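> My questions will all concern the structure given below.
The values are calculated or read from the model by the stated rules, or taken from the named source; none is laboratory data. Note that the structure is predicted; figures quoted are calculated from it, not measured. Here the Cβ is made from the backbone with ideal geometry for all residues, glycine too, and neighbour counts use every protein chain on show. Heads up: the accessible areas ignore ligands, DNA and RNA and are worked out on the full protein's heavy atoms, side chains in. Shrake-Rupley method; radii C 1.70, N 1.55, O 1.52, S 1.80 Å.
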Amino acid sequence: METVAYSVSIFGLGYVGSVMAACLAHKGNRVVGVDVNPTKVAMLSSGRSPILENRLPELIAEGHQACRMDATTDAIAAVRDSDISFVCVGTPSLRNGKLDLSHVEHACAEIGKGLARKAAHHLVVLRSTLLPGTTEGVAIPILEAASGKRAGEDFGVCYNPEFMREGNAVVDFFAPPYTVLGSRDSKDLAALRELYSWVPSKTFETSLSVAEMVKYVSNAYHALKVAFANEIGTLCKQLGVDSESVMEIFATDTKLNISGAYLMPGFAFGGSCLPKDLRALGYRAKELDLCLPVIEAILPSNREHVERALAAVLQMGKRKVGLLGLSFKAGTDDLRESPQVQLIKRLLGEGFELCIWDRDVSMGRLMGSNRQFIEEVIPHIGSLLRTQLEQVVNAAEVVIIGTTAIDKDTLVAVLRPEQFVIDLVNFKKLLRPEGLPFYQGICW
Ligand SMILES: NC(=O)c1ccc[n+]([C@@H]2O[C@H](COP(=O)([O-])OP(=O)(O)OC[C@H]3O[C@@H](n4cnc5c(N)ncnc54)[C@H](O)[C@@H]3O)[C@@H](O)[C@H]2O)c1
């Protein structure tokens, strides 16, 4: 596909900005790098790389020779001479861990001054890693104040996170895992779509805050994977188990292990395996005097999620609660370590009036398979079970959906608009009943 060449200014000539400058010049765009550090500016403008990174010296030399790449400390001139400005300045941690936005604020103020003196439409793209709400709440107000213009009318603003890995940055820039384009209004994305038209991976167009958060989620998850693998490896080594073979086999399961499975925010896990097996691993690690904080944190995190569900019900200020779903997952009447049962115990402790319906448990109870468990282990809960879903919903001010074993039509027929509904299982949007103003999840 024929690509349109743009004039691009890149603020911040560190690892992200230098790679972006060189790669966009390679793709035929005119690039001017901007930095407050005159040494970096002098290096780039003389065709040398300001950072050490594979393939970067060749690409920068190429851009320089083709007269497609320059650098300056003059932000106003850079905005004037470009169509798009990318903000790639650093966002380091302050001593207390808080994100230091001072470089982003300064760069936006400089770009804003440039916009004030420019008549033509301009696009500002934030590329630094920013917490959700920063583009909307920090960058846009500074750009507007410094320019005296309105975002969305006089200039566009987008957020486009960077997913490159240092050492592999050029390869990752040309083939990122995905491209995420965030905006208030998708019409602001037109130039970015063209600029990235050659990118082979999938592009997602979304809101500013989703785009900002995807970057943090990606990094947090990568870090979690490393820490998890290292803890598993540590345990394996102490147990005399070949951890490489374990993880090689583990990673070939793209159905449950390396996949989107279990990654949708919803309710706590439970059942007869996950909690028990985590406890066994944790206990064995303690016997070996190993400290495995990630693995040890999983069960407390899960318990905290049940507490969040309780807090959500308490917040409604109602007393009559109907729970749909009692077993840990639809299609089973297994109540062992069901987080729904944990939630019920907490609700009863807080004095709520409770009725419960569960298709599978009622059926299992009739067949006698879980009768003994209900009668002996949770008799107080057994007495709250009703056989008809309508009975439970009709009597409730707050309805908690704790099973996927109910269809949308059934819910639409029984739920009343004034009822508070807490959907723990996170029905897919298409499967949720509409027209219920108080329908919500606890983490979505
Ligand atoms: N390094 C990575 O692998 C990577 C990957 C993805 C995202 N990020 C994110 O991208 C951003 C940049 O990271 P980096 O590693 O390239 O940072 P860096 O510290 O290497 O470079 C930042 C550059 O910005 C310059 N700068 C500061 N204030 C400026 C201003 N007002 N105008 C112009 N230039 C200014 C600095 O002089 C420096 O050269 C950060 O938010 C980071 O979290 C980094």
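> Would you confirm whether or not the stretch 290-302 contains a residue that is free of Cβ contacts under 8 Å to residues at least 40 places away in the same chain, open to solvent by 30 Å² or more (accessible area, probe 1.4 Å), within 22 Å of Y221 (Cα to Cα) and part of a loop (DSSP other than H, G, I, E, B)?
Within the stretch 290-302 (the criterion being free of Cβ contacts under 8 Å to residues at least 40 places away in the same chain, open to solvent by 30 Å² or more (accessible area, probe 1.4 Å), within 22 Å of Y221 (Cα to Cα) and part of a loop (DSSP other than H, G, I, E, B)), the answer is yes, since at least one residue qualifies.
> Please verify whether E166 is assigned to a loop (DSSP other than H, G, I, E, B) and among the acidic types (D, E), treating the condition exactly as stated.
In short, yes.
> Right, another one. Look at the stretch 110-137 and say how many of its residues are open to solvent by 30 Å² or more (accessible area, probe 1.4 Å), closer than 21 Å to V16 by Cβ and within 12 Å of the ligand (Cβ to nearest atom).
3
Per-residue answers, yes or no, for (1) under 26 Å from A191 (Cα atoms); (2) within 12 Å of the ligand (Cβ to nearest atom):
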| position | (1), (2) |
| --- | --- |
| S18 | yes, yes |
| K27 | yes, no |
| R30 | yes, no |
| N37 | no, yes |
| A42 | no, no |
| S46 | no, no |
| E53 | no, yes |
| P57 | no, no |
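> If you don't mind, there's one more thing I want to ask. Any residue at all in the stretch 23-40 that is over 32 Å from the mean Cα position of the chain (by Cα) and of a type in the set (S, T, Y)?
Scanning the stretch 23-40 turns up at least one residue that is over 32 Å from the mean Cα position of the chain (by Cα) and of a type in the set (S, T, Y).
> Just to be sure, is K286 surrounded by fewer than 16 Cβ atoms within 10 Å (Cβ to Cβ) and either more than 20 Å from the chain's Cα centre (by Cα) or within 30 Å of C355 (Cα to Cα) (or both)?
Values: surrounded by fewer than 16 Cβ atoms within 10 Å (Cβ to Cβ): yes; either more than 20 Å from the chain's Cα centre (by Cα) or within 30 Å of C355 (Cα to Cα) (or both): yes.
Answer is yes for this residue.
> It is to be established whether one or more residues within the stretch 140-158 are within 12 Å of the ligand (Cβ to nearest atom) and either open to solvent by less than 30 Å² (accessible area, probe 1.4 Å) or of a type in the set (D, E, K, R) (or both).
no
> Here's something else I'd like to know. If you check I422 against the conditions, is it under 34 Å from the mean Cα position of the chain (by Cα) and either buried (at least 18 other Cβ atoms within 10 Å of the Cβ) or assigned to a loop (DSSP other than H, G, I, E, B) (or both)?
Numbers: under 34 Å from the mean Cα position of the chain (by Cα): yes; either buried (at least 18 other Cβ atoms within 10 Å of the Cβ) or assigned to a loop (DSSP other than H, G, I, E, B) (or both): yes.
In short, yes.
> In this structure, does S338 turn out to be touching a Phe, Trp or Tyr at 6+ places or on another chain (Cβ under 7 Å) and small (G, A, S)? First the steps, then the outcome.
On the way: touching a Phe, Trp or Tyr at 6+ places or on another chain (Cβ under 7 Å): yes; small (G, A, S): yes.
So S338 passes the test.
> Have a look at A75, A66 and point out the one that is within 10 Å of the ligand (Cβ to nearest atom), at pLDDT 95 or above, surrounded by fewer than 24 Cβ atoms within 10 Å (Cβ to Cβ) and more than 27 Å from the chain's Cα centre (by Cα).
Details: A66 fails: within 10 Å of the ligand (Cβ to nearest atom).
The unique qualifying residue is A75.
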